[in-house]
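Quick notes on the structure that follows.
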Amino acid sequence: MFTKKSQKKLKLCAGIFSTIAITQLIGFNSATAAEKVTLRYGPLKESASLIDLKKITENGKFPDSISTFTKRLTEQQSNFLIRGLKARIPLNVVTLNRLLDTQLGQTILSDIATGLDRKDDAGVQAVRAGLILAASSPEGLSILSFIEAYPSKSLNINVPQAVQVGRILNMGFWRTQQFMLAMVPRTNPREMRINRSFDPTKPGNNQVQILNLNLNDQQRQRPIPVDIYWSNSANREKPVIVFSHGYGSVRTDLKYLAEHLTSHGYVVAALEHPGSNFDANQGIDSLKAQEFVHRPQDVSFVINELEKINQATDNPLQGKLATNNIMVVGYSFGGTTALALAGGEFQVDSLKQSCAQRENKLNLVQGFMCRAKDLPEDIYQLRDERVKKIVALTPATSFLFGKSGLTKIQVPTLMLTGSTDNITPTLSEHIPSFARIPSRKWLAAAVGATHLSVVDPSLTDGKPGESKLSFSSREVVGDKAADVRNYTKAVTLAMAAQSTAEANQYANFLTSGYAQVASTRLFPFRLLTDIPPAAMGLMQVPGQN
């Protein structure tokens, strides 16, 4: 009799062998592997043999047959192309097969297929076959091994489309997927003993009510709208949860999560940050440096107001709010805000140096954080002692907290990342930052999730009467991201319960065992409490440090 572990291995092997078998159906054998590559740019076409392409990696010279293209390249572009041909993609055949079975894998296959002018209907299958065979070859997966394994005597490349795909599927992308899929530590059998009668993704028994407040911080002249989600079972035995939204977003960007937590007896206060919300979004260049400081102060102000509500005799929440036991949940810029409230220290002097060093090659999130370089002081410590734990969903971290800013955090911290987040990339914004946090911590990860995958569908589907966030077509949102939002609900609820009498009941939902149980075919989930030493080298990605 096979064990579950051996059954999984058999299923995986069957998947790989069936993929290789597909090559027979689409006419592949050793005699029909790609021998020639044709480059097409509009009406212009040029060809090179596979032998010529291999010589490029040996002598660094391009063949005359494609000189119309290559003579227009700058030295930097030429070197980049040569390095690309030499590069080995760090995925073995087992890991690659797992990846291609996910929703992300289907996107990868489709992306690559669009860059190839395949004239039959087997484009995606041909790409998969080429990738699997290349990964199983002695030299491993690379552009050249893929070309050599591709099931056709010639490979026609649409240059503009291929360049676009190459920018997305860069080495940082592949290393991130490798890291995510590989981070499955040995699981304690006790972690797998999940109480199947209780599903943390399902709503609780309490009816959700919403109290809308228009608060005003007169000292800072900031109007701060707040939605308080509560139920009749609210009590001081559970922490109060405060939500901080993302840049250019609104206080309902995690509405589904607020309703979920409230149905389980928690009180959630979702506030709006007036200097960086949807109405204030005129592009990153319009973001004022002081907003990085104002946001944590907004949260502290709201907590002060909740203390007043707790004392108000005419308020239904009187005496029900544990205002000295706050959990902050922040998304994106809100995650950065949560880290600051937990004790993370803004290190402006270090930020200025990083911004100057990368002045002409800042990525989106780095340019965003560099808006803080005009803050007048070098160090900002915005810790609120009433904040006892935080959940930071896809936060921006790298430049802002420097090398030691996050070592100041002393409260339990859950960080969530998505492997295809192009706004706050995993390898630059989350893994190194998570490693620096000294307190009890968890890193939850979703393979294939993008930056907006955790956002309420009402903001991405554009339902009537709701603001709609702008996003690229590559964002996995709405119904497609339902699995990601369910996992977010589970781990956030479990995190909130850790300071209640129900802590033991929820502890297993913060384990790698539950992450594996919760994983779906489309979205494998991972959870770590530290970064394995062997994985540290994967964090050094050129252009993302």
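The values are calculated or read from the model by the stated rules, or taken from the named source; none is laboratory data. Given the structure is predicted, the values throughout are model-derived calculations rather than measurements. For neighbour counting, all protein chains shown are included, and Cβ atoms are generated from backbone atoms with ideal geometry for every residue, glycine included. Quick note on the areas: whole protein, heavy atoms, side chains included, nothing else; ligands and nucleic acids left out. Shrake-Rupley method; radii C 1.70, N 1.55, O 1.52, S 1.80 Å.
In segment 30-44, the qualifying residues are those that are farther than 14 Å from Ser152 by Cβ and open to solvent by less than 90 Å² (accessible area, probe 1.4 Å), and the one that is modelled with the lowest pLDDT is Gly42. Given the criteria assigned to a strand (DSSP E or B), within 25 Å of the chain's Cα centre (by Cα) and not hydrophobic (A, V, I, L, M, F, W, C), does Gly330 qualify? When the stated conditions are applied, Gly330 passes them. When segment 135-150 is filtered for residues that are under 28 Å from the mean Cα position of the chain (by Cα) and under 19 Å from Arg98 (Cα atoms), the ones remaining, listed by number, are Ala135, Gly140, Leu141, Ser142, Phe146.
Report, by residue number, each residue of segment 406-421 that is touching a Ser or Thr at 6+ places or on another chain (Cβ under 8 Å) and in contact (Cβ under 8 Å) with a residue 60 or more places away in the chain. Once the filter is applied, which keeps residues that are touching a Ser or Thr at 6+ places or on another chain (Cβ under 8 Å) and in contact (Cβ under 8 Å) with a residue 60 or more places away in the chain, segment 406-421 yields Leu406, Ile409, Gln410, Val411, Pro412, Thr413, Leu414, Met415, Leu416, Gly418, Ser419, Thr420.
Exactly one residue out of Ser142, Ser47 is open to solvent by 20 Å² or more (accessible area, probe 1.4 Å) and small (Gly, Ala, Ser), and it is Ser47. Could you run through segment 317-334 and say how many residues are farther than 13 Å from Ser499 by Cα and in contact (Cβ under 8 Å) with a residue 40 or more places away in the chain? Summing the residues that are farther than 13 Å from Ser499 by Cα and in contact (Cβ under 8 Å) with a residue 40 or more places away in the chain in segment 317-334 gives 12. If you filter segment 473-521 down to residues that are of a type in the set (D, E, K, R) and either at pLDDT 95 or above or under 30 Å from Asp111 (Cα atoms) (or both), you find that the one that is most open to solvent (accessible area, probe 1.4 Å) is Arg521.
The single condition among (1) at pLDDT below 95; (2) open to solvent by less than 70 Å² (accessible area, probe 1.4 Å) that Leu215 does not satisfy is (1). When restricted to residues that are in contact with a Lys or Arg (Cβ under 9 Å, 6 or more places away or on another chain) and open to solvent by 20 Å² or more (accessible area, probe 1.4 Å), segment 403-439 contains 9.
Per the conditions (1) touching a residue at least 40 places away in the same chain (Cβ under 8 Å); (2) of a type in the set (A, V, I, L, M, F, W, C); (3) open to solvent by 20 Å² or more (accessible area, probe 1.4 Å), the sole criterion not satisfied by Ala280 is (1). In segment 349-402, of all residues being aliphatic (A, V, I, L, M) and in a strand (DSSP E or B), the one that is surrounded by the fewest Cβ atoms within 10 Å (Cβ to Cβ) corresponds to Ile379. What number goes with the only condition from (1) open to solvent by less than 10 Å² (accessible area, probe 1.4 Å); (2) of a type in the set (A, V, I, L, M, F, W, C); (3) not in a strand (DSSP E or B) that Phe346 does not pass? Result: Phe346 passes all but (3). Of the residues making up segment 292-321, those that are touching a helix residue (DSSP H, G or I) at 6+ places or on another chain (Cβ under 9 Å), open to solvent by less than 20 Å² (accessible area, probe 1.4 Å) and within 18 Å of Val226 (Cα to Cα) are Arg295, Pro296, Asp298, Val299, Leu317, Leu321. If you check Lys153, Lys71 for being open to solvent by 40 Å² or more (accessible area, probe 1.4 Å), in contact (Cβ under 8 Å) with a residue 60 or more places away in the chain and within 21 Å of Lys45 (Cβ to Cβ), only one passes: Lys153.
Among all residues of segment 122-130, there is none that is among the β-branched types (Val, Ile, Thr), open to solvent by less than 10 Å² (accessible area, probe 1.4 Å) and touching a residue at least 60 places away in the same chain (Cβ under 8 Å). Residues that are touching a residue at least 12 places away in the same chain (Cβ under 8 Å) and in a loop (DSSP other than H, G, I, E, B) were ranked within segment 74-94; the one that is farthest from Leu133 (Cα to Cα) is Ala87. Taking residues in segment 288-305 that are under 15 Å from Glu377 (Cβ atoms), and partners anywhere that are part of a helix (DSSP H, G or I), the pairs with Cβ atoms closer than 6 Å and at least 6 places apart or on different chains are Ala289/Arg371; Ala289/Ala372; Ala289/Asp374; Phe292/Ala372; Pro296/Thr337; Pro296/Ala340; Pro296/Leu341.
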